[in-house]
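Inspection log for the structure reproduced underneath, given as structure tokens.
The values are calculated or read from the model by the stated rules, or taken from the named source; none is laboratory data. For clarity, every value in this text was computed on a predicted model and none was experimentally measured. Note: ideal-geometry Cβ built from the backbone for every residue, glycine included; neighbour counts use all protein chains shown. The accessibility values were calculated without ligands, DNA or RNA, using every heavy atom of the protein model including side chains. Shrake-Rupley method; radii C 1.70, N 1.55, O 1.52, S 1.80 Å.
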Amino acid sequence: MDTTTPGTAIPGTTTSSTTTPGTTGNMDFLPLTEAVGLTEFDIERVAALHRALAPSQHAYDIIHTHCVIVARLALSLARADAITHADGTPLDERLLALGGMVHDIGTYQLIKSDGSDGEPLRFKHSKYIQHGLRGYKLLKACGFGEDLAQFARNHTGIGLTAKAVKGQELPLPVADYVPVTEEQELVMYADKFHTKSDPAEFVGYDRCIRRAAKHGEANAQGMRDLIERFCMPPIEQAAREYGMELR
């Protein structure tokens, strides 16, 4: 999404990345089925939830596809960089993929135009900042656990802090909405490289920094730091596969 606010990266994450910012090296854009422990039932269960919430096929196509792309980018980054938890244990790839697939589930509640009348998909921008918290509450109401629901709550920008919520008078309860696990942080990061615009697009390095800079140089530097740490995801390969523009 476009809204990015300063946050603090999770300490202790380990990666093997030495890739120059703006490039992806030889990273593969992995399918969801590569995620260890993820089943076809998992994938269909999440797709069914998207279908049940979507007010139109057009809205489903854009939002669900975006979530799948983010999940795949996050998985690709985790696998290519051999990212682990601070104690050296491997990431939970099933949780990572599921988290990516549900992170924007709250956006269905904030649709202004669903595209069914030929108009582009549009969101209620004045309330859009609420989509993470709405998604969190929705997932909990649907019986999903805290570990999965937090992917929706904690992915906005590069970490939405209580200080930012209060200082910007955002329409949210004052609290930190920042990743608390490496899996959540990867989904938050991957989300910055694909849009739910209509038509949807992939976001390159320069544009990603420009978008972050709209909220201050500290925010832009935070995005640069994340890119240096994780490297760029395989957006060129993904754009070709999905037939979407990369700019």
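Things to note:
- Scanning the stretch 65-76 for residues that are surrounded by 23 or more Cβ atoms within 10 Å (Cβ to Cβ) and farther than 12 Å from Ala35 by Cα yields Cys67, Ile69, Val70.
- Of the candidates Lys192, Lys196, the single residue that is basic (Lys, Arg), in contact with a His (Cβ under 7 Å, 6 or more places away or on another chain) and either on the phi > 0 side of the Ramachandran plot or touching a residue at least 60 places away in the same chain (Cβ under 8 Å) (or both) is Lys196.
- Ile62 modelled with pLDDT of 95 or more, in contact with a strand residue (DSSP E or B) (Cβ under 6 Å, 6 or more places away or on another chain) and buried (at least 20 other Cβ atoms within 10 Å of the Cβ): no
- Residues that are under 22 Å from Gln109 (Cβ atoms) and either without any contact (Cβ under 8 Å) to a residue 12 or more places away in the chain or out of contact with any Gly (no Cβ under 7 Å at 6 or more places or on another chain) (or both) occur at least once in the stretch 199-207.
Every residue, every condition in (1) of a type in the set (D, E, K, R); (2) crowded, with 23+ Cβ neighbours inside 10 Å; (3) over 30 Å from Gly243 (Cβ atoms), yes or no:
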{"position": "Thr161", "(1), (2), (3)": "no, no, yes"}
{"position": "Leu172", "(1), (2), (3)": "no, no, yes"}
{"position": "Ala175", "(1), (2), (3)": "no, no, yes"}
{"position": "Val178", "(1), (2), (3)": "no, yes, yes"}
{"position": "Lys192", "(1), (2), (3)": "yes, yes, no"}
{"position": "Pro199", "(1), (2), (3)": "no, no, no"}
{"position": "Glu217", "(1), (2), (3)": "yes, no, yes"}
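- Hits in the stretch 24-61 (condition: under 30 Å from Ala82 (Cα atoms) and among the hydrophobic types (A, V, I, L, M, F, W, C)): Met27, Phe29, Leu30, Leu32, Ala35, Val36, Leu38, Phe41, Ile43, Val46, Ala47
- Any hit, the stretch 25-43, residues being at pLDDT below 95, surrounded by fewer than 17 Cβ atoms within 10 Å (Cβ to Cβ) and within 22 Å of Pro179 (Cβ to Cβ): no
- Filtered residue count, the stretch 146-159, keeping only those that are on the phi > 0 side of the Ramachandran plot and open to solvent by 10 Å² or more (accessible area, probe 1.4 Å): 0
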